[in-house]
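Read the structure below first, then the notes.
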Amino acid sequence: KTLAEMREYLYKILVVGDLGTGKTSIIRRYVHNIFSSNYKSTIGVDFALKVIQWGPDLIVRLQLWDIAGQERFGNMTRVYYKEALGAIVVYDITRPQTFEGVTKWKKDIDTKVALPDAWGGGQIPVILLANKTDLIGEGHGQHANPTELDQFCNENGFLTWFETSAKDNSNIEEATRHLISAILKLE
Ligand code: GDP
Ligand code: MG
């Protein structure tokens, strides 16, 4: 392809969820393919960029915004959320209370950010990640009930959900591809 035929999109994606659910770990796995069991908790916001050759003539640059859990519902999130085109909400399957945070994060997103007017101005696409599935084998937590989680996603406006493990590098690529596909359909 000549340069003129190449398309390049930049997408800002929010990664939110309660503290310690694995947001930073998921991003580091996805962008740098590394995992560590002792990250410092994120202060404020971190950025990571992943460049994806989506097809022969399309490049997607994903700008991942890693927002600290403590910031929830503060006025800060409105600034962070500005111009985001998609979001990932993460909970930790070994700590059920972090699932309660999911609906709160989703509401926070829906009230503070919308698609551009040119795209109809509706809710941005959001996916749900049930993270740390590797710990099920260690006797912690359990698999999600697919019917229940499907219904939850329907009722709360999530595109879909994935079980992930940043430790085992499970499903993170798949989840992100799903979100990118949804955003590309809006182009
Ligand atoms: P954040 O506060 O949401 O950014 O969470 P972190 O990415 O800092 O992760 C919190 C803790 O959970 C760290 O000790 C990570 O190593 C651990 N962690 C994150 N993802 C996974 C995972 O998929 N499996 C396991 N076993 N631990 C994880
Ligand atoms: Mg973090």
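The values are calculated or read from the model by the stated rules, or taken from the named source; none is laboratory data. The structure displayed is predicted, hence computed values, not measured ones. Heads up, the Cβs are rebuilt from the backbone with ideal geometry, glycines too, and the neighbour counts pull from every protein chain shown. SASA here: full protein model, heavy atoms, side chains in, ligands and nucleic acids out. Shrake-Rupley method; radii C 1.70, N 1.55, O 1.52, S 1.80 Å.
Taking Ile124 as meeting all but one of (1) in contact with a strand residue (DSSP E or B) (Cβ under 8 Å, 6 or more places away or on another chain); (2) of a type in the set (Val, Ile, Thr); (3) farther than 30 Å from Arg7 by Cβ; (4) assigned to a loop (DSSP other than H, G, I, E, B), write down the number of the exception.
(3)
For region 132-164, give me each residue that is within 16 Å of ligand 2 (Cβ to nearest atom) and more than 19 Å from Ile180 (Cβ to Cβ).
Lys132, the sole residue that qualifies.
Could you grab the pairs with beta carbons closer than 8 Å, sequence gap of 6+ or different chains, first residue in region 91-111 and touching a residue at least 12 places away in the same chain (Cβ under 8 Å) and closer than 17 Å to Asp134 by Cα, second one of a type in the set (A, V, I, L, M, F, W, C) and not in a helix (DSSP H, G or I)?
That search, which allows pairs on different chains as well, returns Tyr91/Leu128; Tyr91/Leu129; Tyr91/Ala130; Ile93/Ala130; Ile93/Ile136; Ile93/Ala144.
Can you list residue pairs whose Cβ atoms sit under 6 Å apart, with the first residue in region 32-48 being under 17 Å from Lys132 (Cα atoms) and modelled with pLDDT under 85 and the second being within 12 Å of ligand 2 (Cβ to nearest atom) and open to solvent by less than 60 Å² (accessible area, probe 1.4 Å)? Count only pairs 6 or more apart in sequence or on different chains.
Tyr39/Thr24
Which numbered condition trips up Leu64, out of (1) modelled with pLDDT under 90; (2) surrounded by 13 or more Cβ atoms within 10 Å (Cβ to Cβ)?
Going through (1) modelled with pLDDT under 90; (2) surrounded by 13 or more Cβ atoms within 10 Å (Cβ to Cβ) one by one, Leu64 breaks only (1).
Name the pairs: first residue in region 169-187 and buried (at least 19 other Cβ atoms within 10 Å of the Cβ), second residue part of a helix (DSSP H, G or I) and of a type in the set (A, V, I, L, M, F, W, C), Cβ to Cβ under 6 Å, at least 6 apart or on different chains?
From region 169-187, the pairs are Ile172/Ile26.
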